[in-house]
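Comments concern the structure below.
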Amino acid sequence: MKRLPILVVTLIVVITATIVGVALLSLDDDRRTGPGPMMMGGNASADEPDYLVEMVAHHEEAVAAARQLARSERPEMRAFGDAIVKSQSAQIEQMSAWLADWYPEQNPDAGYQPMMRDLTELSGDRLDLVFLEDMVGHHMMAVMMSQRLLSQGSGHREVADLARSIRDDQHAEIIRMQRWLSEWFDIDWFDMRHGPGMMGRRD
């Protein structure tokens, strides 16, 4: 698959960052609203199967990228890559099983457009830097997708629980990656001199 043009990826990240900034202000809102629309006579939300298909493809890209961190010279990055591969591979398996059981007629093709650059030829600092730059935006998209499903309602509580876990876990990982970008590369994700969502080295 061809990678989206850089401009399109940048626009996606900028828009996503704005939406996520608002969504994260109420991370616990859905916990306080009770069951809500999740269980309505067993009927699943029309958005639920689309979410599962799209998130499987999204996770598959993250897992492929995280495997490349086995070459990183930083133990923190190697451990981070291993954790992503383990957790998201398990989630892919679970979501795929739900799709097979609940939505056998659902088209499994998400028409997914990659968000991350090719890491296969990179090494050293360049590998870590490109991974972190791209994965911050990649995680932001997953947070936004999950928050949107929770706001609209899911037909199965299991899916809602997974979406909540993805949202909260990847939000925490975004903060960790932003810290590494700052500590190791002197880069801020939100450097307002370059516009929201644009990275820039601090003077």
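The values are calculated or read from the model by the stated rules, or taken from the named source; none is laboratory data. This structure is a prediction, so every number in the text was calculated from the model and none was measured. Heads up, the Cβs are rebuilt from the backbone with ideal geometry, glycines too, and the neighbour counts pull from every protein chain shown.
Quick one: is Gln152 surrounded by 17 or more Cβ atoms within 10 Å (Cβ to Cβ) and of a type outside the set (Asp, Glu)?
Taking the combined requirement at face value, the residue does not satisfy it.
Please identify the pairs in which a residue from region 104-119 that is at negative phi has its Cβ atom under 7 Å from the Cβ atom of a residue that is surrounded by 15 or more Cβ atoms within 10 Å (Cβ to Cβ) and among the small types (Gly, Ala, Ser), counting only partners at least 6 apart or on another chain.
Going by the 7 Å Cβ cut-off, the qualifying pairs are Ala110/Ala57; Tyr112/Ala57; Met115/Gly137; Met116/Ala65; Leu119/Ala65.
Considering only residues of region 152-178 that are of a type in the set (S, T, N, Q) and at pLDDT 95 or above, which is farthest from Phe80 (Cα to Cα)?
It comes out as Ser165.
When region 96-119 is examined, which residues are found to be among the polar types (S, T, N, Q), part of a loop (DSSP other than H, G, I, E, B) and surrounded by 11 or more Cβ atoms within 10 Å (Cβ to Cβ)?
Residues satisfying the conditions are Gln106, Gln113.
For the condition modelled with pLDDT of 95 or more, of a type in the set (A, V, I, L, M, F, W, C) and over 15 Å from Glu54 (Cα atoms), what is the one hit in Val143, Val130?
Val130
Quick grid of which residues meet (1) assigned to a helix (DSSP H, G or I); (2) surrounded by 13 or more Cβ atoms within 10 Å (Cβ to Cβ); (3) modelled with pLDDT of 50 or more; (4) basic (Lys, Arg):
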site: Ile12; (1), (2), (3), (4): yes, yes, no, no
site: Asn43; (1), (2), (3), (4): no, no, no, no
site: Met55; (1), (2), (3), (4): yes, yes, yes, no
site: Gly81; (1), (2), (3), (4): yes, yes, yes, no
site: Val85; (1), (2), (3), (4): yes, yes, yes, no
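I'd like to know if region 130-150 contains one or more residues that are outside any helix (DSSP H, G or I) and in contact with a helix residue (DSSP H, G or I) (Cβ under 9 Å, 6 or more places away or on another chain).
Among the residues of region 130-150, not one is outside any helix (DSSP H, G or I) and in contact with a helix residue (DSSP H, G or I) (Cβ under 9 Å, 6 or more places away or on another chain), which makes the answer no.
Looking only at region 64-71, decide whether some residue is of a type in the set (Lys, Arg), modelled with pLDDT of 95 or more and either crowded, with 18+ Cβ neighbours inside 10 Å or assigned to a loop (DSSP other than H, G, I, E, B) (or both).
No, there is no match, as no residue in region 64-71 is of a type in the set (Lys, Arg), modelled with pLDDT of 95 or more and either crowded, with 18+ Cβ neighbours inside 10 Å or assigned to a loop (DSSP other than H, G, I, E, B) (or both).
Could you please let me know if Met116 is more than 19 Å from Ala90 (Cα to Cα) and in contact with a Ser or Thr (Cβ under 6 Å, 6 or more places away or on another chain)?
No; evaluated as a whole, the condition is false for this residue.
Only one of these is among the charged types (D, E, K, R) and closer than 21 Å to Leu181 by Cβ: Glu54, Glu158, Glu76. Name it.
Step by step, each of Glu54, Glu158, Glu76 is checked, and only Glu76 is among the charged types (D, E, K, R) and closer than 21 Å to Leu181 by Cβ.
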